[in-house]
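Student: This is the structure, below, for whatever I ask next.
The values are calculated or read from the model by the stated rules, or taken from the named source; none is laboratory data. Because the structure is a prediction, the values reported are computed rather than measured. All Cβ positions, glycine included, derive from the backbone under ideal geometry; neighbour counts span all protein chains shown. Just so you know, the surface numbers come from the protein's heavy atoms only, side chains and all, with ligands and any DNA or RNA stripped out. Shrake-Rupley method; radii C 1.70, N 1.55, O 1.52, S 1.80 Å.
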Amino acid sequence: MEALSVNVAKRTFDAVIVGAGGAGLRAALQLSEAGLKTAVLTKVFPTRSHTVAAQGGVAASLGNSTEDNWHWHMYDTVKGSDWLGDQDAIEFMCKKANEVVIELEHYGMPFDRTDNGKIYQRPFGGHSMNYGQAPVMRSCAAADRTGHAMLHALYQRNVRANTQFFVEWMALDLIRDADGDVLGVTAMEMETGEVSIFHAKATIFATGGAGRIYYSSTNAFINTGDGVGMAARAGIPLEDMEFWQFHPTGVAGAGVLITEGVRGEGGILRNAQGERFMERYAPNLKDLASRDIVSRAMTTEINEGRGCGPDKDHVLLDITHLAPDTIMKRLPGIREIAIQFAGVDPIKAPIPVVPTCHYQMGGIPTNYKGQVVVPKDGQPNSPVAGFYAAGECACASVHGANRLGTNSLLDLLVFGKSAGETVVEDFQSGQLKLKPLPADAADVSLARLARLDGQTNGESVFDVGLEMRRTMQKHAGVFRFDNLLKEGVQKIGEVAERAKRTEIKDKSKVWNVARMEALELDNLIEVARATMVSAEARKESRGAHVRDDAPDTAENPNGRDDANWLKHTLWYSEGNRLDYKPVNLKPLSADVEPIALAKRTY
Ligand SMILES: Cc1cc2nc3c(=O)[nH]c(=O)nc-3n(C[C@H](O)[C@H](O)[C@H](O)COP(=O)(O)OP(=O)(O)OC[C@H]3O[C@@H](n4cnc5c(N)ncnc54)[C@H](O)[C@@H]3O)c2cc1C
């Protein structure tokens, strides 16, 4: 039979990048400035990517207001990750931070300033001075709109470098040949519904997170884990997907984020009795302990009946003691959000908040160079030729079991740049080749579309999506329970079966949002399965993954079981199979001391 793909339009580039958030734009800049013919595909206009919503800041040990150095940043990041982060990648990121932030400043990023003209820095959760002794001012900020400022600076720089954007193009599937090498992607132009092949020597995924697998989420509606889903369907394992960050302060009922920068500026969490309860849970860093710790403390307060409001279902974030001028200058966007979504002016009254799904620590496995790595021939981290990833869709792994606030924007800059540099090097050394496309390169995508067009008596995309979000929220939330996880695995399997039969009533091609949502659901389902199966299997508590049957004991501090579980999870879509690989506890440089395992307290 003739391959379906013969009539599909083909476009050829040196490199194709999927995603135009912070990671995609930073990578694109590296390629375009080196003269590579680079295509960037994005579902939305670049400056509407979720990076635009980042509020609090980007971490770098500039030491502009308090003493700081990258060793302390590295220590905080390893400890924050609950020792699941790879120490080579963490060293690389913390060391590079100053360089990439100054670079951004030179691109025109409008950072706030200290009185002597340096980049303004604020304290943030889990970031400390002198190995955990006191909060440090490390988060470089542009008011509470840091991501917005960053994305615009990067976009403008890309326009100057002649990066070619394909705006409102949705990548559908990864193209691999018989050797497993990556040759590009298939993509649909959203305006026409037509499918094309983007054939390239290098493919970089920078598709962002998948927080939309949960019912209550701070993430944008476009955060559907497309890159992660595409990789999983193409046989790439997903790393550490059981670890999801719940941000302590989503607006109760709405999920919209209130940045941790509010607590950095002096905000305090209070329960129904008005008590500053974090003093009991984290005597040193208090409200600025790491996110997993604060989210669990809040959930415990609510579960034990000390929640606020008629339903006792949230706690309060209080900044009424701050000067109105400080709020207007440093947190203007937050004041707006509180008025719009919670109906309170934080200058006068505290904001009702609850922990809300925020960030995926896991993703497509990469090394610190941005190469996608998989187990092959006895090697746990063998690069996949032609395939790179950076940003929230990737797992480098610097965040391990729990990410520190402001380390993600840093991750985008460092690993976006590093993936770009690796591609440029591989390109210039002649190592990257344009391998011939297989005849059936687009068949998988065309078959998915044909299935959707032909489906009758099918399932509603909305209903299946809702069932998935409810299942994730209930069975893999802030606290995890063995019986709920077991049930969750079964339920999410059933939801995945239903997702194979989704039906759209409108079969038209032009701007068919229903079709796009059905395709996005396929990706979300991969992420949800990976999360539930990986979480059920990990029989310890670590970072954001805390189980009722793995409590804090003398033998297993914080419920962590290093003897059996100090390892990365790898989940394969095919066969719903799990594998594991070692954590790299060795820093990159011989003269850097590894951060030794210890109990995590703040
Ligand atoms: C509300 C909020 C506030 C945050 N605040 C901070 C903060 O202050 N500091 C911090 O460090 N971190 C913060 N984070 C986390 C951080 O912002 C994100 O992790 C980061 O911005 C993700 O960047 P990215 O480049 O990986 O992806 P994104 O910015 O999400 O961009 C993804 C890109 O991929 C494209 N895309 C996706 N799928 C497809 C497809 N199929 N085809 C084509 N294109 C596709 C999208 O169009 C988009 O351009 C925050 C997150 C949220 C949600």
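Student: Residue by residue through segment 10-26, what is 3J(HN,Hα) from phi via Karplus (6.51 cos²θ - 1.76 cosθ + 1.60, θ = phi - 60°)? Round to whole Hz and write x for glycine and proline.
Tutor: Couplings: 10, 10, 10, 9, 5, 9, 10, 10, 9, x, 10, x, x, 5, x, 5, 5 Hz.
Student: Taking H placed 1.01 Å from N in the peptide plane, check which residues at least 5 places from ALA34 or on another chain put their amide H under 5 Å from its amide H.
Tutor: none
Student: Using a 1.4 Å probe and ignoring any ligands, DNA or RNA, find the accessible area of LEU36 and quote it in Å² to the nearest 10.
Tutor: About 10 Å², rounded to the nearest 10.
Student: Shifting gears a bit: For segment 384-448, compute the orientation-averaged projected area of the C-alpha convex hull (one quarter of its surface), in nm².
Tutor: Values: hull surface 26.3 nm².
For segment 384-448, the mean projected area of the Cα convex hull comes to 6.6 nm².
Student: With N set to the residue count of segment 443-545, report its C-alpha Rg divided by 2.2 N^0.38 Å to two decimal places. Intermediate values should be presented prior to the final figure.
Tutor: Details: Rg = 15.6 Å, N = 103, 2.2 N^0.38 = 12.8 Å.
Ratio of Cα Rg to 2.2 N^0.38 Å: 1.22.
Student: State the extension gain, in nm to one decimal, for the chain segment bounded by ASP311 and ASP463, taking 0.36 nm per residue of separation less the distance between their alpha-carbons. All intermediate terms of the calculation are to be shown ahead of the outcome.
Tutor: On the way: separation 152, 0.36 × 152 = 54.72 nm, distance 2.74 nm.
Fully extending the segment from ASP311 to ASP463 adds 52.0 nm.
Student: Here is a further query. Measure nothing but the geometry: give the 0 to 90° angle between the long axis through the Cα atoms of 407-428 and the longest principal axis through the Cα atoms of the chain, rounded to 10°.
Tutor: Value to nearest ten degrees: 30.
Student: What does the extension gain come out to for GLN473 and LEU434, with contour length at 0.36 nm per residue minus their alpha carbon separation?
Tutor: Values: separation 39, 0.36 × 39 = 14.04 nm, distance 4.35 nm.
This chain segment gains 9.7 nm when fully extended.
Student: Given 25 °C and 0.890 mPa s, compute D for segment 261-355 with the Stokes-Einstein relation, Rh being the Kirkwood radius over Cα pairs; round to the nearest whole µm²/s.
Tutor: D, rounded to a whole number, is 182 µm²/s.
Student: Now a separate question. Carbon and sulfur together cover what percent of the accessible area of the chain at a 1.4 Å probe radius? Walk me through the numbers before you get to the answer.
Tutor: Details: 10960 of 21930 Å².
Here it works out to 50 percent.
Student: What FRET efficiency would be calculated for the residue pair ARG11, THR300, taking the C-beta separation as r and a Förster radius of 35 Å, to the nearest 0.05? Mind dumping the intermediate values first?
Tutor: Numbers: r = 54 Å, r/R0 = 1.53.
Computed FRET efficiency for ARG11 and THR300: 0.05.
Student: Of HIS50, HIS314, HIS71, which has the most accessible area and how do the rest follow, probe 1.4 Å? The partial results should precede the final answer.
Tutor: Values: HIS50 50, HIS314 25, HIS71 75 Å².
Putting HIS50, HIS314, HIS71 in descending order of accessible area: HIS71, HIS50, HIS314.
Student: Here's a follow-up. Quick one: Cα centre-to-centre distance for segment 462-521 and segment 140-215, in angstrom?
Tutor: Cα centroid to Cα centroid, the span is 24 Å.
Student: Which ³J(HN,Hα) values, rounded to whole Hz and listed in residue order, are derived for segment 329-341 from phi using the Karplus coefficients 6.51, -1.76 and 1.60 in 6.51 cos²θ - 1.76 cosθ + 1.60 with θ = phi - 60°, glycine and proline given as x?
Tutor: 8, 9, 9, x, x, 5, 4, 4, 4, 4, 5, 5, 9
Student: With angles folded into 0 to 90 degrees, how steeply does helix 461-475 sit against the dominant principal axis of the chain? Use alpha carbons for both and round to 10.
Tutor: Taking Cα atoms only, the helix is inclined about 40 degrees.
Student: Compute the length gained on full extension between THR326 and ILE102: take 0.36 nm times their separation in residues and subtract their Cα-Cα distance, giving the result in nm to one decimal. Don't skip to the answer; put the middle values down first.
Tutor: Numbers: separation 224, 0.36 × 224 = 80.64 nm, distance 2.55 nm.
Result for the pair: 78.1 nm of gain on full extension.
Student: How far is helix 291-303 tilted off the main Cα axis of the chain, in degrees rounded to 10, range 0 to 90?
Tutor: 70
Student: Another question, if that's okay. Whose amide H sits under 5 Å from the amide H of VAL374, counting only residues 5 or more places off or on another chain, with H placed in the peptide plane?
Tutor: For VAL374, whose amide H was placed from the backbone, the distant partners under 5 Å are SER382, VAL384.
Student: Can I ask one more? Let me cross-check SER49: its accessible surface, 1.4 Å probe, with only protein heavy atoms counted, in Å² to the nearest 10?
Tutor: 10
Student: Moving on to the next point. In what order, largest first, do ASP463, ASP562, ASP68, ASP287 sit by accessible area if the probe radius is 1.4 Å? Intermediate values should be presented prior to the final figure.
Tutor: Numbers: ASP463 80, ASP562 45, ASP68 25, ASP287 5 Å².
Ranked list, largest accessible area first: ASP463, ASP562, ASP68, ASP287.
Student: Order 93-102, 161-170, 380-389 from most to least packed using the mean count of other Cβ atoms within 10 Å.
Tutor: Values: 93-102: 21.1, 161-170: 18.1, 380-389: 23.2.
Taking the mean over residues of other Cβ atoms within 10 Å, the ranking is 380-389, 93-102, 161-170.
Student: At 1.4 Å probe size, with every protein chain present, just tell me what the per residue accessible area of the chain comes to in Å². Provide the component values of the computation, followed by the final result.
Tutor: Working: 21930 Å² over 602 residues.
About 36 Å² of surface per residue is accessible.
Student: Still on this structure: With no solvent and one point on each alpha carbon, what is the Debye value of log10 I(q)/I(0) for the chain at q = 0.05, 0.10, 0.12 Å⁻¹?
Tutor: -0.19, -0.82, -1.21
Student: Under the rule of at least 5 residues apart or a separate chain, name every residue whose amide H is placed under 5 Å from the amide H of VAL315.
Tutor: Excluding prolines and chain starts, which carry no amide H, the hits are CYS308, VAL353.
Student: So, one more: What size of dipole, in debye to the nearest 20, comes out for segment 132-202 about its Cα centre when the only charges are +1 on Lys and Arg C-beta atoms and -1 on Asp and Glu C-beta atoms? Walk me through the numbers before you get to the answer.
Tutor: Numbers: 6 positive and 9 negative charges, 134 e Å.
Roughly 640 debye for segment 132-202.
Student: Still on this model: Considering the zone a paramagnetic label at VAL513 would reach in this model (a point 7 Å from Cα along the Cα-to-Cβ line), which residues of segment 453-477 have amide N under 17 Å from it?
Tutor: In segment 453-477, the label zone of VAL513 (backbone N under 17 Å from the point 7 Å along Cα→Cβ) covers 461-463, 465-466.
Student: A follow-up question, please. Whole-Hz Karplus ³J(HN,Hα) for segment 98-115, in order, using 6.51 cos²θ - 1.76 cosθ + 1.60 and θ = phi - 60°, x for Gly and Pro?
Tutor: 3J(HN,Hα) across segment 98-115, in whole Hz: 4, 4, 6, 6, 5, 4, 4, 4, 6, 6, x, 5, x, 5, 5, 10, 7, 4.
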